[in-house]
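Undergrad: Please find one structure pasted underneath; my questions will follow.
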Amino acid sequence: MSVVLDHPLARTLDEAAHGDFPAADGVVASVGALPGPCDAVAFFADHVLVAAAVEQDWVDGHLAERAAAGSTDPSGGLGLFLAALSERLGRPPMYASLLTSAPHRSGYLHGRVEPGGEPEPGWAAYRTDVRCYRYRGLGASGAFAIGRGPGDRWDVHIRVDEGSGGRVGRELLSAAKTVIPERGMLFGSAPLHDARVLRTLLASGFQPICTEVLLLTRPGS
C-alpha cells in the first residue's frame, strides 16, 4: 500500500480504497489543511475528518449544535456544521460528491488513448497537475482528465462525446485506470445530484468510500 502524502486524510483515503475503513466511533476530527487549492471534509460511517485550518476546539464547539439538531434534522446536524465551516473559511465554492476508487489496470484494448483536450473548469479548479486525454474507439469517443485531488490522490473526470454509445463512459474510466502509476488507486467523484455518474462508476468497478465535500479556499494554488 502506497501513500503519496503523509497526512491523516490521505492515509485514511488510501486505507479505505484498499478496504480498510475507519472505525464507526462517532469521531469528528480536525486533521489540518492539505496542500493545494481546497479544504475537504470526508464523511465515513459515523467518522468524519475535517481537513481544514480549524482547531479541534472549534469543531467540538459545533458538535453540541449538531447533537441538539439531531432529533429534527435528518442529517443529524451535519448540514449546520458544514454551514458553520463554510462561514469560518470565508464562504468558498463547495463541491459535494460520493467518492469512489478503483485500482490501476495494466492494459486496455478496446480503443486508442492519446494526450489532448481541455478539462472541465469547475472540476479542474479543485485539482492540480491536470492532464487531459482523448479516447477513440469503434463508434464511441470522449475525453478524460487525470488530476491530483486532496491528499495528492489521482482523480478522474470523464466527458462523453455527443452521439457516442452508452458504454463509452465505462470505456473511458477503464482507459483512465491505465494512465495512473502501477499499483496506484484512481478516485472518481459522483456529484450528489447525478445518479447516472454513480451508476457508471459502479459499473466500471469503482467502489464507494465516503461522502466528500470540497471547499475551494485557495483557488489557483
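Undergrad: Please verify whether A42 is within 21 Å of V168 (Cβ to Cβ) and at pLDDT 95 or above, treating the condition exactly as stated.
TA: no
Undergrad: How many residues does the stretch 94-109 contain that are touching a helix residue (DSSP H, G or I) at 6+ places or on another chain (Cβ under 6 Å) and open to solvent by 70 Å² or more (accessible area, probe 1.4 Å)?
TA: 1
Let's see how each residue does on (1) under 29 Å from G122 (Cβ atoms); (2) more than 14 Å from the chain's Cα centre (by Cα); (3) surrounded by 12 or more Cβ atoms within 10 Å (Cβ to Cβ); (4) not acidic (D, E):
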position	(1), (2), (3), (4)
L13	yes, no, yes, yes
D25	no, yes, no, no
V31	yes, yes, yes, yes
P35	yes, yes, yes, yes
H47	yes, yes, yes, yes
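Undergrad: Ok, one more. I'm trying to understand the selection: among the residues of the stretch 162-193, which are modelled with pLDDT of 85 or more, farther than 13 Å from F206 by Cα and among the hydroxyl-bearing types (S, T, Y)?
TA: Scanning the stretch 162-193 gives a single hit, T178.
Undergrad: Would the stretch 73-93 turn up any residue that is open to solvent by 60 Å² or more (accessible area, probe 1.4 Å), modelled with pLDDT under 85, over 27 Å from M185 (Cα atoms) and not in a loop (DSSP other than H, G, I, E, B)?
TA: Among the residues of the stretch 73-93, at least one is open to solvent by 60 Å² or more (accessible area, probe 1.4 Å), modelled with pLDDT under 85, over 27 Å from M185 (Cα atoms) and not in a loop (DSSP other than H, G, I, E, B), which makes the answer yes.
Undergrad: Something else now. Is one or more of the residues making up the stretch 193-208 surrounded by 15 or more Cβ atoms within 10 Å (Cβ to Cβ), of a type in the set (G, A, S) and at positive phi?
TA: Looking through the stretch 193-208, at least one residue is surrounded by 15 or more Cβ atoms within 10 Å (Cβ to Cβ), of a type in the set (G, A, S) and at positive phi.
Undergrad: Has the stretch 158-165 got any residue that is within 22 Å of P37 (Cβ to Cβ) and open to solvent by 40 Å² or more (accessible area, probe 1.4 Å)?
TA: There is at least one residue in the stretch 158-165 that is within 22 Å of P37 (Cβ to Cβ) and open to solvent by 40 Å² or more (accessible area, probe 1.4 Å).
Undergrad: Let me ask you something else. Can you name the residue in the stretch 1-11 that is open to solvent by 20 Å² or more (accessible area, probe 1.4 Å) and either in contact with a helix residue (DSSP H, G or I) (Cβ under 8 Å, 6 or more places away or on another chain) or part of a helix (DSSP H, G or I) (or both) and, of all such residues, is modelled with the lowest pLDDT?
TA: M1
Undergrad: Name the single residue, out of those in the stretch 56-66 being open to solvent by less than 80 Å² (accessible area, probe 1.4 Å) and of a type outside the set (S, T, N, Q), that is modelled with the lowest pLDDT.
TA: Of the stretch 56-66, the ones open to solvent by less than 80 Å² (accessible area, probe 1.4 Å) are 56, 58-64, 66.
Filter again for of a type outside the set (S, T, N, Q), leaving 58-64, 66.
Values: W58: 94, V59: 92, D60: 89, G61: 87, H62: 82, L63: 74, A64: 67, R66: 60.
This residue is R66.
Undergrad: Out of all the residues in the stretch 117-125, is one or more touching a helix residue (DSSP H, G or I) at 6+ places or on another chain (Cβ under 7 Å), surrounded by 14 or more Cβ atoms within 10 Å (Cβ to Cβ) and either under 22 Å from F21 (Cβ atoms) or in contact (Cβ under 8 Å) with a residue 24 or more places away in the chain (or both)?
TA: No, every residue in the stretch 117-125 fails to be touching a helix residue (DSSP H, G or I) at 6+ places or on another chain (Cβ under 7 Å), surrounded by 14 or more Cβ atoms within 10 Å (Cβ to Cβ) and either under 22 Å from F21 (Cβ atoms) or in contact (Cβ under 8 Å) with a residue 24 or more places away in the chain (or both).
Undergrad: What are the pairs with Cβ atoms under 6 angstrom where one residue, in the stretch 128-149, is open to solvent by 30 Å² or more (accessible area, probe 1.4 Å) and the other, located anywhere, is of a type in the set (K, R) and assigned to a strand (DSSP E or B)? Sequence gap at least six, or different chains.
TA: Qualifying pairs under 6 Å: T128/R148; D129/R148; R136/R112.
Undergrad: So which residues in the stretch 134-157 are small (G, A, S) and more than 19 Å from the chain's Cα centre (by Cα)?
TA: G137, G139, A140, S141, G142, listed by residue number.
The values are calculated or read from the model by the stated rules, or taken from the named source; none is laboratory data. Nothing here was measured: the structure is a model prediction, and the numbers come from that model. As a convention, Cβ positions derive from the backbone with ideal geometry for all residues, glycine included, and neighbour counts pool all protein chains shown. Surface accessibility is based on the protein's heavy atoms, side chains included, excluding ligands, DNA and RNA. Shrake-Rupley method; radii C 1.70, N 1.55, O 1.52, S 1.80 Å.
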